[in-house]
Amino acid sequence: MNKYQKLLDLGLRERTIQEFEEGYEDSFLGRVSIEHKGHYKVVGEKGEVSAHISGKLGYVASGKADYPAVGDWVVLDRTDDRQGEAVIQAILSRHSVFSRKAAGKTSEEQIVAANVDTVFICMALNNDFNLRRLERYIGLAWDSGATPVVILTKTDLCDDLEAKQAAVEEVALYIDVLAVSAVTEDGLEEVRAIIRPGDTIAFIGSSGIGKSTLINSLLGEERLAVKGLRNDDKGRHTTTHRELILLPQGGLVIDTPGMREIQIYNTDLESSFRDIEELALQCKFSDCTHESEPQCAVRSGIKRGELSEERLNSYRKLKQELIYIEDKKSMSAKQMEQKKIIRMVGSLDGMKKAKKRR
Ligand SMILES: Nc1nc2c(ncn2[C@@H]2O[C@H](COP(=O)(O)OP(=O)(O)OP(=O)(O)O)[C@@H](O)[C@H]2O)c(=O)[nH]1
Ligand SMILES: [Mg+2]
Ligand SMILES: [Zn+2]
């Protein structure tokens, strides 16, 4: 038996094994399953342990993204926490990262889940249904390095399923779209069928749309707390932290709290708006804004009914937002650089003083 068998079931890949074996002797490998205010649960070969990060890891971290996230492969100093919490000594390279802009005014990246193969973008077919928001999620998902799949939930509450599905398919180019009901279990087998053993799937979407309920259905048990029937669709988030869970049939799912504001951090406009970008290549002017320029292929596309005005608008909005975030990012990069220089100068001064003292 492969000595990593248990970890392979948890999604371990060859390149991570290599990185671990080349860099860390006498340490242990595990995957972060829960993160809660600086405390972590990490699953390893011998089960789950509580852990916190080493002082060194905290010292070199310059932002949220440098801390372990759910889904990360980490190096631990021990395999059990009977003598106190284990210590996370390092985070191994992430092969994909699903992130968003942290809430608030900063341009800081917040990692929702690491080492994700597939992102289930969940959207309910009742009052949550919003194609413009879906476009944003799709952009985020492509950019993460994972493959997006759209999961439409609560089909039992929708009486124009086909029309809604068709509308989604126009926005979700080159992406699978599945529809499911946790109540009737329609579509559940189709969802199950696309989850392969060893694959990691992050469930994202607004609060109250049935992410945790769907995971419970896949698990075949009421493991995760779901919102009571009485306060459906309103109020507080039911899921409060991200959690990685192994499914009995193989495959891993990450439940996440619903996102209130989805702001983009990076988004791959080229993949999510491939239709517009391809049309734009045929515009007469390479810097065409598709407003009123002559021989604009995008406007002709709209005239022909291949593209909707709303879609062009949300493309424009996202592009604007992206420019804004890029500006902020380069600003904070500059600030970081300055801080570094100040620190370096500071320590040079310190060295000089130390020399003088000698
Ligand atoms: N009618 C119907 N109700 C559903 C379905 N799936 C979930 N619900 C209900 O929707 C409510 C919210 O479900 P949750 O699973 O807690 O939603 P969530 O997306 O995990 O929400 P957060 O944890 O807050 O992000 C619960 O009352 C569920 O019973 C469905 O397919 N049909
Ligand atoms: Mg939930
Ligand atoms: Zn144009």
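The values are calculated or read from the model by the stated rules, or taken from the named source; none is laboratory data. These numbers come from a predicted model, not from an experiment. With ideal geometry, Cβ positions are generated from the backbone for all residues, glycine too; neighbour counts draw on all protein chains shown.
For this structure, a couple of remarks:
- Residue that is surrounded by the most Cβ atoms within 10 Å (Cβ to Cβ), among those in the stretch 126-150 that are within 12 Å of Ser206 (Cα to Cα) and in contact (Cβ under 8 Å) with a residue 12 or more places away in the chain: Tyr137
- Scan the stretch 135-160 for residues that are within 15 Å of ligand 1 (Cβ to nearest atom) and out of contact with any Asp or Glu (no Cβ under 8 Å at 6 or more places or on another chain) and the total you get is 8.
- Within the stretch 173-200, if we keep just the residues that are out of contact with any helix residue (DSSP H, G or I) (no Cβ under 9 Å at 6 or more places or on another chain) and touching a residue at least 24 places away in the same chain (Cβ under 8 Å), the residue that is surrounded by the fewest Cβ atoms within 10 Å (Cβ to Cβ) turns out to be Arg196.
- The number of residues in the stretch 46-72 being at pLDDT 90 or above and polar (S, T, N, Q) comes to 2.
- Filter result for Val75 (within 23 Å of the chain's Cα centre (by Cα), at pLDDT below 95, within 21 Å of Arg13 (Cα to Cα) and aliphatic (A, V, I, L, M)): no
- Of the helices (runs of 4 or more DSSP H) that lie entirely inside the stretch 116-217, those containing 2 or more residues that are under 30 Å from Ser93 (Cα atoms) span 131-144, 188-193.
- Comparison of Ala124, Ala102, Ala163, Ala167 shows that the only residue that is among the hydrophobic types (A, V, I, L, M, F, W, C), closer than 27 Å to Thr213 by Cα and modelled with pLDDT under 90 is Ala102.
- Within the stretch 243-280, if we keep just the residues that are part of a loop (DSSP other than H, G, I, E, B) and at pLDDT 90 or above, the residue that is farthest from ligand 1 (Cβ to nearest atom) turns out to be Gly250.
- Complete set of residues in the stretch 281-319 that are assigned to a loop (DSSP other than H, G, I, E, B) and of a type in the set (A, V, I, L, M): Leu281, Leu307
- Flag if Thr153 is away from ligand 2 (no atom under 16 Å from the Cβ), surrounded by 21 or more Cβ atoms within 10 Å (Cβ to Cβ) and among the hydroxyl-bearing types (Ser, Thr, Tyr): no
- Of the listed requirements (1) of a type outside the set (S, T, N, Q); (2) over 22 Å from Asp117 (Cα atoms); (3) at pLDDT 95 or above; (4) surrounded by 20 or more Cβ atoms within 10 Å (Cβ to Cβ), Gly208 misses just one: (3).
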